[in-house]
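*Asks:* Input: one structure, supplied below.
The values are calculated or read from the model by the stated rules, or taken from the named source; none is laboratory data. Note that this is a predicted model, so its numbers are computed, not measured. Neighbour counts run over all protein chains shown; Cβ positions are idealised from the backbone, glycine included.
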Amino acid sequence: MSFARLQHGGPVRQTVVLAGLAVFVVWSAGPVLWLVLSSLLQQKALIQQPPDLSPANFTLTNFTTVVGAAAALGRGIFNSLVVALFSTAVALALGAPAAYALARLPVPRANGIAFLILATQMLPGIAIAIPLFILISKLGLIDNVLSLGVVYLSFNLPIVIWILRGFFTSIPVGLEKAAAVDGVGIFATFWYIVLPISIPPLTAAAVFAFVEAWNEFFFALILTRQHAQTVPLVIAQFAGQYQTVFGQMMAAAVISVTPVIILAILFRNQIIRGFADGMMKG
Amino acid sequence: MFFVAPAMIVLAAILGFPIVDSILLALQRVQLTGGAVSQSWVGLENFQRLFADPVFWKAAINTAYFSVMEVILVTLISLGVALLLNHPMGKSGFFRILLIIPWAIAPVANAVLWKWILHANYGVLNGILKSLGIIDNYQVWLGSPFSALNFLLIVDVWKSVPFVALLMLAGLQRVPQSLYRAAYMDGAGPLQSFLHVTLPTMRGVLAIAVVLQTIWSLRVFDLVFVLTRGGPADATALLNFLAYRVTFNFLDLGYGSAIANVIFAVTFILAGLYVWLLWPRQTGASR
């Protein structure tokens, strides 16, 4: 048996791998495909058994109806966009320098601080949600997009710090040494030398934080009422109110997930490398 | 210090008070009346109530079953997927896209999708199973306690596998090729090189995946909220959902905090385990 043969396997193993990949494709793509198909089919085609997939039944009316009828969806998308952009931007602005310092600068107890930050990410949402709810109620800031964005920093900041710290520990020291020899200060080194070569991990961290904020449901449920509702809440409400209008329900779901799916597909390589580095590096 | 301080201050400001207060709240009777909060100290009363509450114990057992099964299934399936995608035939970017899509889908949208798939009258699962002859009549999948909890489990596994699989894939790609070559030179077959090269080098990644997944399984909320609201007969009331229900539907904030504290304590132990697994042991390995 050659080494290549050992890695690829014989006909038996290749068949098993092929079958496994086929199962994997059906298992992952099946539900998503059904989501998209249902959103494009008329109600009468959906409730037939089996569903009537003839081309004549395909339509975009589910989408036009949902977009036209539900002002809530438009407002939800706008709110989600504001919350996600705000918490992502702030998390990057505060997290990038912190991650750099924890990875490269002589911060006392850098590992301890890094793990403390990581530990905050493990907090169960419900434990901090109750006090936050009381506090934010007392401040009169319930149903406010920005107070939700600030709460989202509680998970986005740690994520950003961990993804970036993983990257900063792996860049060569030479660059910074050269800068130090030339008398460049820490701030200038960070700004002119480190940040420009960190665009890929910064993108990964940004996409990751954006997706988390866009999809978050629990805090949004507790801390918003009407005005500041985000997309996941609108979708959940939709599913409760129009639970018999399946096509429209799916159309709303498709609209809500499309932006983040596009982001995830475009930046998949950075994301994969980013979270593998962040989660596994001590 | 200037670099770290702003981030730390913000985190402390957002989290410091809630962490301390969540413990204090569990020792109080907190009521919401007309938007005003009234609080009075009751000592350990909430915890006494907790341990005497059959609903709490039911939720605790549900959660234990759900978490254990979820972690086992997610770990095994993710390892399988990672091995498939690490095989030369599975290296195509297409498979990675397939993996990242379920990860990016919002948990709520995912729950709504599965509500439709599992629909008792028009659901596609009933349709497929009936046309394959596996079932004779359409089933109300979310209607009976046992079936509802297990479908919740399946849907959560579907959503959780991609992230863990990607983590494991990254781990597999770090196994040095030279080790496989060395094993080959020593005459190891595929199974032996998996058992003696792949698994040992992956031990750390596997341990991390198991601990993280356990923590995440304790947080499942969106699915319960959309699919079952804890029913039927509290069969799908997981601790996290119970704490939410007690707090925000029954407005019993102190008791809700006590339940949340139980989750907090379990998570804290698990988080400690995770940190212990990750903590850099060789001196000078990082900084």
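*Asks:* Is it true that some residue in the stretch A:141-163 is modelled with pLDDT under 85 and outside any helix (DSSP H, G or I)?
*Replies:* No: zero hits.
*Asks:* Name the single residue that is farthest from B:Gly80 (Cα to Cα) among those in the stretch A:12-38 being within 10 Å of chain B (Cβ to nearest Cβ) and not hydrophobic (A, V, I, L, M, F, W, C).
*Replies:* Result: A:Ser38.
*Asks:* Let me ask something additional. Taking the criterion of being modelled with pLDDT of 85 or more, part of a helix (DSSP H, G or I) and closer than 29 Å to A:Ala253 by Cβ, would at least one residue in the stretch B:44-62 satisfy it?
*Replies:* yes
*Asks:* Another question, then. Does at least one position in the stretch A:266-273 carry a residue that is within 28 Å of A:Leu60 (Cα to Cα) and either away from chain B (no Cβ under 11 Å) or assigned to a helix (DSSP H, G or I) (or both)?
*Replies:* From the stretch A:266-273, those within 28 Å of A:Leu60 (Cα to Cα) are A:266; that's our starting set.
Next, from what is left, pick out any that are either away from chain B (no Cβ under 11 Å) or assigned to a helix (DSSP H, G or I) (or both): A:266.
Checking the stretch A:266-273: at least one residue is within 28 Å of A:Leu60 (Cα to Cα) and either away from chain B (no Cβ under 11 Å) or assigned to a helix (DSSP H, G or I) (or both).
*Asks:* Test A:Asp143 against the criterion of being surrounded by fewer than 17 Cβ atoms within 10 Å (Cβ to Cβ) and in contact with a Ser or Thr (Cβ under 8 Å, 6 or more places away or on another chain), and give yes or no.
*Replies:* Values: surrounded by fewer than 17 Cβ atoms within 10 Å (Cβ to Cβ): yes; in contact with a Ser or Thr (Cβ under 8 Å, 6 or more places away or on another chain): yes.
Considered against the rule, which asks whether it is surrounded by fewer than 17 Cβ atoms within 10 Å (Cβ to Cβ) and in contact with a Ser or Thr (Cβ under 8 Å, 6 or more places away or on another chain), A:Asp143 comes out as yes.
*Asks:* Also, quick follow-up: Of the residues in the stretch B:208-251, how many are more than 9 Å from every other protein chain (Cβ to nearest Cβ), of a type in the set (D, E, K, R) and either touching a residue at least 60 places away in the same chain (Cβ under 8 Å) or buried (at least 24 other Cβ atoms within 10 Å of the Cβ) (or both)?
*Replies:* Of the residues in that region, 1 qualify.
*Asks:* Which condition number does B:Ile100 fail, the rest of (1) part of a helix (DSSP H, G or I); (2) more than 9 Å from chain A (Cβ to nearest Cβ) being met?
*Replies:* (2)
Here's the yes/no breakdown for (1) out of contact with any Pro (no Cβ under 8 Å at 6 or more places or on another chain); (2) under 22 Å from B:Leu32 (Cα atoms); (3) of a type outside the set (D, E, K, R):
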residue	(1), (2), (3)
A:Leu135	no, yes, yes
A:Leu141	yes, yes, yes
A:Asn144	yes, yes, yes
A:Val150	yes, no, yes
A:Asn156	yes, no, yes
A:Trp162	yes, no, yes
A:Ile171	yes, no, yes
A:Phe219	yes, yes, yes
A:Ile222	yes, yes, yes
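*Asks:* Restricting the stretch B:41-62 to residues that are farther than 13 Å from B:Gly256 by Cβ and of a type in the set (Gly, Ala, Ser), which is nearest to the chain's Cα centre (by Cα)? Walk me through it before giving the result.
*Replies:* Going residue by residue through the stretch B:41-62, those that are farther than 13 Å from B:Gly256 by Cβ are B:41-45, B:48, B:51-52, B:54, B:57-58, B:60-62.
Within this subset, residues satisfying the condition of being of a type in the set (Gly, Ala, Ser) are B:43, B:52, B:60.
Numbers: B:Gly43: 32, B:Ala52: 27, B:Ala60: 15 Å.
Residue satisfying both the conditions and the ranking: B:Ala60.
*Asks:* Yes or no: the stretch A:83-91 includes at least one residue that is loosely packed, with under 15 Cβ neighbours inside 10 Å, of a type outside the set (Ser, Thr, Tyr) and at the interface with chain B (Cβ under 9 Å from one of its Cβ atoms).
*Replies:* Taking every residue of the stretch A:83-91 in turn, none turns out to be loosely packed, with under 15 Cβ neighbours inside 10 Å, of a type outside the set (Ser, Thr, Tyr) and at the interface with chain B (Cβ under 9 Å from one of its Cβ atoms).
*Asks:* Within the stretch B:189-208, is even one residue in contact with a Phe, Trp or Tyr (Cβ under 6 Å, 6 or more places away or on another chain), closer than 28 Å to B:Ala64 by Cα and not hydroxyl-bearing (Ser, Thr, Tyr)?
*Replies:* Scanning the stretch B:189-208 turns up no residue that is in contact with a Phe, Trp or Tyr (Cβ under 6 Å, 6 or more places away or on another chain), closer than 28 Å to B:Ala64 by Cα and not hydroxyl-bearing (Ser, Thr, Tyr).
*Asks:* Given the residues A:Ile186, A:Ile197, which is the only one that is over 29 Å from A:Ile77 (Cβ atoms) and free of Cβ contacts under 8 Å to residues at least 60 places away in the same chain?
*Replies:* A:Ile197
*Asks:* Hey, can you tell me all the residues within the stretch B:138-156 that are within 14 Å of chain A (Cβ to nearest Cβ), in a helix (DSSP H, G or I) and surrounded by fewer than 20 Cβ atoms within 10 Å (Cβ to Cβ)?
*Replies:* Answer for the stretch B:138-156, where residues must be within 14 Å of chain A (Cβ to nearest Cβ), in a helix (DSSP H, G or I) and surrounded by fewer than 20 Cβ atoms within 10 Å (Cβ to Cβ): just B:Ile154.
*Asks:* If you scan the stretch A:231-249, which residues turn out to be within 8 Å of chain B (Cβ to nearest Cβ) and at pLDDT below 90?
*Replies:* A:Ile235, A:Ala236, A:Phe238, A:Ala239, A:Gln243, A:Phe246, A:Met249
*Asks:* Taking A:Arg75, is it within 12 Å of chain B (Cβ to nearest Cβ) and surrounded by fewer than 19 Cβ atoms within 10 Å (Cβ to Cβ)? Give the derivation first.
*Replies:* Working: within 12 Å of chain B (Cβ to nearest Cβ): no; surrounded by fewer than 19 Cβ atoms within 10 Å (Cβ to Cβ): yes.
Spelling it out, it is not the case that A:Arg75 is within 12 Å of chain B (Cβ to nearest Cβ) and surrounded by fewer than 19 Cβ atoms within 10 Å (Cβ to Cβ).
*Asks:* Does the stretch A:212-225 contain any residue that is of a type in the set (Lys, Arg) and in contact (Cβ under 8 Å) with a residue 12 or more places away in the chain? Spell out the reasoning first.
*Replies:* Of all residues in the stretch A:212-225, those of a type in the set (Lys, Arg) come to A:225.
Those left that are additionally in contact (Cβ under 8 Å) with a residue 12 or more places away in the chain: A:225.
Looking through the stretch A:212-225, at least one residue is of a type in the set (Lys, Arg) and in contact (Cβ under 8 Å) with a residue 12 or more places away in the chain.
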